[in-house]
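Report on one structure; see the data block that follows.
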Amino acid sequence: MTNEVTSDGQEPRRSFLGFSTFIMFSGLAAGYGTLAAFAGRFLFPNSVGRENWQFVATVEQLSLGSTLPFKTPSGAKIVVARQRDGNAADCFVALSSVCPHLGCAVHWEPQNERFFCPCHNGAFDATGQATAGPPAAAKQSLTKYPLRVENGLLFISLSSDSLA
Amino acid sequence: MRGLGDWLYERMPINVAQLRELTNEPVPNHLKRWWFALGGTPAYLFVVQIITGILLAFYYQPAPATAYESVEYITNQAAFGWYLRSLHKWAATLMIAAVILHQMRVYFTGAYRRPRELNWVIGMALLCCTLLTGFTGYSLVFEQLSYWGATVAANISDAVPGIGGFAKQMLLGGDTYNERTLSRFYILHAAVLPTTIVLLVAVHILFIRLHGVTEFEFEDEPQDKPKHFNFFPDHMLTELMIGLVLMIVLSALATLLPATMGPKADPLTTPEVIKPEWFFYVSFRWLKLFSLTFAVISTGFIVAAMFLWPWIDAALRKLTGQQEISVYIGIVATFLLIGLTVWEAVVAH
């Protein structure tokens, strides 16, 4: 039976058509797949490294125990403080006002000497360590901004993408 | 007139009588009771949302610098803008309430059981899409509460194990709420989610037509009368009547309690009292009660259990021999749902 089919050319033609169909569908799948991949990549935001180093103060301006309220160009509040003597970047700390729990803005409550987050009642001490609420349960603390010291000048690294 | 009919039939050869015969599903008598017709209510409100949404889109500008001002323009300056925006807001509220009530009715009457399990899953997907549409729509106003609500929601998604970071990036279009976030919410709210809802509703109705409506009998029903009535025109008239009542209710709510505007979003200051829309009070309270990881994972389990409930219920019935076990679980869940919602509603923090 197979020989008969082969002899009149049916089998090779059928194989060829089957193979062509497979190639065509593979081509279609690859084409539409590529388009879907492009669409997915298009929707996923670019992780452009838009970090800017901004001048904060000279290292002499910050004595031990003192804090410096710093405002970013977009107005976000950051608390910069000296933790110990020295001129290295790790002698300083810059605390974000963004709650590490779910991203709300914390504010300083002078009467309670704490940063308070109104979203889920999170509280942080002056060093940024969580003391109450969900951040304390999760042992979170306020985010610290990267700092750099160059020629006695303190710089902070800020993202220019956020609205805050 | 007959000439026009012939002209139309020649170009569009559809036989109305055959079409009616094909689509005229016999409807069980219990659907004369309005709480069994709650599925048509969100469908009607969805049409209201599409129409009012298209009208609002003529003026709305989805960017942080313009969004709030454009909503303010719609509310205070555009002719009847306040009314259309209020209709949109109240129809959204009623639509979510109707979807929840419809789902509760299906749950407590066991209408999701074999062979209708897949339609329950589609209904759950519709509930999720409706809630997401409500969330994205609320975020578009760009007022303080909607901005911080969106920020909190994006960070909740960040805590989902595995895909959380990706989901947050896709939702916000970056690590944080930025210049491109509102346009994402807008396209989700006005195109992606409504299209998904339309497709899901089409499949939902197809399944109802394929399986027929679950039949219930009530004690006060006369035994000698027919147990079914026609979809056209009887049930259609019931639905139209519900639609008319809904329009009156919507119009009254829009006039008496029009949509207002809170302060414009300030990405630097979180308001002292922050609340999401009422339909997320449960999740918000849950987040206050437990750690973020536990709250997110437990919510994921609850949602997954709701999707798979027809099979879980079947397994529970087999294990316990209790045919009504889902009713008891449902009563506890309903009290929990109402309790957490009311708790969040009455306290500031």
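The values are calculated or read from the model by the stated rules, or taken from the named source; none is laboratory data. A quick note: this is a predicted structure, and the numbers were derived from the prediction, not measured. Methodologically, a virtual Cβ is constructed for each residue, glycine included, from the backbone with ideal geometry; neighbour enumeration extends over all protein chains shown.
Listed conditions (1) exposed (fewer than 15 other Cβ atoms within 10 Å of the Cβ); (2) part of a loop (DSSP other than H, G, I, E, B) are all met by residue B:300, apart from (2).
Which count do you get for residues in region A:113-151 that are assigned to a loop (DSSP other than H, G, I, E, B) and more than 12 Å from chain B (Cβ to nearest Cβ)?
Pass one, region A:113-151, residues assigned to a loop (DSSP other than H, G, I, E, B): A:113, A:118-121, A:125-128, A:138-140, A:142-143, A:145-146, A:151.
Next, from what is left, pick out any that are more than 12 Å from chain B (Cβ to nearest Cβ): A:113, A:125-128, A:142, A:145-146, A:151.
Number satisfying all stated conditions: 9.
Would you pick out the residues in region A:81-106 that are in a strand (DSSP E or B) and touching a Ser or Thr at 6+ places or on another chain (Cβ under 7 Å)? It would help to see each step written out before you state the result.
Our first condition is that a residue be in a strand (DSSP E or B); within region A:81-106, this holds for A:81-82, A:92-96, A:98, A:105.
Those that are in a strand (DSSP E or B) and touching a Ser or Thr at 6+ places or on another chain (Cβ under 7 Å): A:81, A:82, A:96, A:98, A:105.
Apart from one condition, residue B:317 fits all of (1) of a type in the set (Lys, Arg); (2) farther than 21 Å from residue B:132 by Cα; (3) within 14 Å of chain A (Cβ to nearest Cβ); the exception is (3).
Please go through region B:63-87 and pick out each residue that is outside any loop (DSSP other than H, G, I, E, B), in contact with a helix residue (DSSP H, G or I) (Cβ under 8 Å, 6 or more places away or on another chain) and touching a residue at least 40 places away in the same chain (Cβ under 8 Å). It would help to see each step written out before you state the result.
Residues of region B:63-87 that are outside any loop (DSSP other than H, G, I, E, B), as a first pass: B:67-76, B:81-87.
Now drop any that are not in contact with a helix residue (DSSP H, G or I) (Cβ under 8 Å, 6 or more places away or on another chain), which leaves B:67, B:71, B:73-76, B:81-87.
Correct list: B:67, B:71, B:75, B:82, B:83, B:85, B:86, B:87.
Residues in region B:140-152 that are crowded, with 22+ Cβ neighbours inside 10 Å, part of a helix (DSSP H, G or I), touching a helix residue (DSSP H, G or I) at 6+ places or on another chain (Cβ under 7 Å) and within 13 Å of another protein chain (Cβ to nearest Cβ): 1 in all. Exactly one residue out of A:154, A:158 is part of a strand (DSSP E or B), surrounded by 13 or more Cβ atoms within 10 Å (Cβ to Cβ) and either among the hydroxyl-bearing types (Ser, Thr, Tyr) or at pLDDT 90 or above (or both), and it is A:154.
When B:205, B:187, B:156, B:197 are checked against the criterion of being under 30 Å from residue B:276 (Cα atoms) and more than 12 Å from every other protein chain (Cβ to nearest Cβ), a single residue qualifies: B:197.
The condition (being at pLDDT 95 or above and not in a loop (DSSP other than H, G, I, E, B)) is satisfied by just one residue among B:200, B:206: B:200. Within region B:262-271, can one find any residue that is under 24 Å from residue B:132 (Cα atoms) and surrounded by fewer than 13 Cβ atoms within 10 Å (Cβ to Cβ)? Yes.
Quick check: anything in region A:47-54 of a type in the set (Gly, Ala, Ser), surrounded by 10 or more Cβ atoms within 10 Å (Cβ to Cβ), modelled with pLDDT of 90 or more and out of contact with any Lys or Arg (no Cβ under 8 Å at 6 or more places or on another chain)? Talk me through it step by step, then tell me what you get.
We begin by selecting, within region A:47-54, every residue of a type in the set (Gly, Ala, Ser); these are A:47, A:49.
From the residues that got through so far, the ones that are surrounded by 10 or more Cβ atoms within 10 Å (Cβ to Cβ) too are A:47.
Restricting the remaining residues to those that are modelled with pLDDT of 90 or more gives none.
Within region A:47-54, not a single residue is of a type in the set (Gly, Ala, Ser), surrounded by 10 or more Cβ atoms within 10 Å (Cβ to Cβ), modelled with pLDDT of 90 or more and out of contact with any Lys or Arg (no Cβ under 8 Å at 6 or more places or on another chain).
The residues of region A:67-112 that are at pLDDT below 80, surrounded by 12 or more Cβ atoms within 10 Å (Cβ to Cβ) and away from every other protein chain (no Cβ under 14 Å), listed by number, are A:67, A:83. Just wondering, is there one or more residues in region A:31-43 that are out of contact with any Cys (no Cβ under 9 Å at 6 or more places or on another chain), away from chain B (no Cβ under 12 Å) and outside any helix (DSSP H, G or I)? No - not one qualifying residue is present in region A:31-43.
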